[in-house]
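None of the figures in this text is laboratory data; all of them are computed from the coordinates on show. Quantities reported herein were computed from a predicted structural model and do not represent experimental measurements. Neighbour counts are summed over all protein chains in view; Cβ atoms, including those assigned to glycine, are modelled from backbone coordinates with ideal geometry.
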Amino acid sequence: MLWGFFPLYFHGLSPATPLEVLAHRILWSLFFCLIILAWRRDVTWVRPLFARPRLLAGLTAAALLVAINWGVYVAAVLSGHTRDAALGYFLNPLITVALGVVLLREPLRRLQWMAVAIGLVAAVFLTVAGGQVPVIALTLAVTFALYGLLKKRIGASLGALHGLTIETAVLLPIALLLLGPLSGLGGTHAGFGSVGQAAGLILTGPITAIPLLLFAAAARRVPLVTIGLLQFLTPVMQLLCGLLLGEVVTPTQWVGFVIVWVALGVLTVDSLRQVARSR
């Protein structure tokens with residue numbers, strides 16, 4: 001549910017630019033992770049990591065994907081396109097299933113095929129009826145789905161805190177460039193213009209890290225189907241936040257949302273049936 005309130009928080013960081021928010025999000029997420037690691041005296045995992053170049057390559061790719069995802073998401077919220085971001089996270093489960101087929105050669109059940117097909121219909125409808133490709137939604141859905149697949153490949157070899165630490169460390173040079181030599185890129189550099197602005201930007205660290213760590217902990221204790229159903233709350237809350245912020249959802253967009261919801265309903269029914277059969 002914490003992810004669902006992100007639009008309200010990021011909207012409150014204005015006049016900071018999307019690139020500036022992204023840079024601070026990376027910087028303070030890393031700082032927050034390092035504080036936790038220092039408090040736990042958890043450092044023994046670092047040295048063996050350098051003996052695993054494939055794992056480091058996977059984490060680097062994951063870092064770049066999450067940076068694109070974070071940047072596009074913040075840009076969407078600050079430019080009044082929270083509804084498009086919400087659509088992206090509604091599409092995410094469907095994109096994940098589709099990528100599982102294409103990249104991992106995973107077989108799909110009949111209802112899964114149906115859900116993916118309906119999701120494709122939604123994307124085509126929004127493109128044709130809206131006159132443009134839903135770039136924000138598709139970018140968020142694809143980057144997060146690819147990120148999830150990479151993390152699945154990495155598996156239990158690295159904990160959530162360790163993974164986020166490495167990912168943000170990989171992105172640190174980009175953050176420092178955006179806050180330094182490239183600070184004028186993308187508009188006015190808001191900096192720490194006020195105490196409130198400074199606090200808001202610094203808190204993007206724990207606000208980013210805490211939900212990820214809680215999700216990782218829940219994934220080990222809560223049934224996968226329950227987690228899948230609860231994840232639908234995030235885009236619902238994001239959409240509601242967009243409406244609270246005064247964004248307008250056109251009739252065409254509502255139709256697109258409904259088609260996606262039908263696809264998610266089919267996917268949910270399939271998941272529930274699989275759980276029932278396994279008992």
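Per-structure values
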| quantity | calculated |
| --- | --- |
| Of the criteria (1) more than 18 Å from ILE207 (Cβ to Cβ); (2) not in a helix (DSSP H, G or I), which one ALA63 fails | (2) |
| Hey, ILE26 part of a helix (DSSP H, G or I), within 30 Å of VAL260 (Cα to Cα) and touching a helix residue (DSSP H, G or I) at 6+ places or on another chain (Cβ under 8 Å) or not | no |
| Residue in the range 5-63 that is nearest to the chain's Cα centre (by Cα), counting only those that are within 24 Å of LEU146 (Cβ to Cβ) and of a type in the set (Ser, Thr, Tyr) | SER29 |
| Where ALA57 falls short, out of the listed (1) buried (at least 22 other Cβ atoms within 10 Å of the Cβ); (2) free of Cβ contacts under 8 Å to residues at least 24 places away in the same chain | (1) |
| The listed residue being assigned to a helix (DSSP H, G or I) and in contact with a Pro (Cβ under 9 Å, 6 or more places away or on another chain), out of VAL74, VAL102, VAL97 | VAL74 |
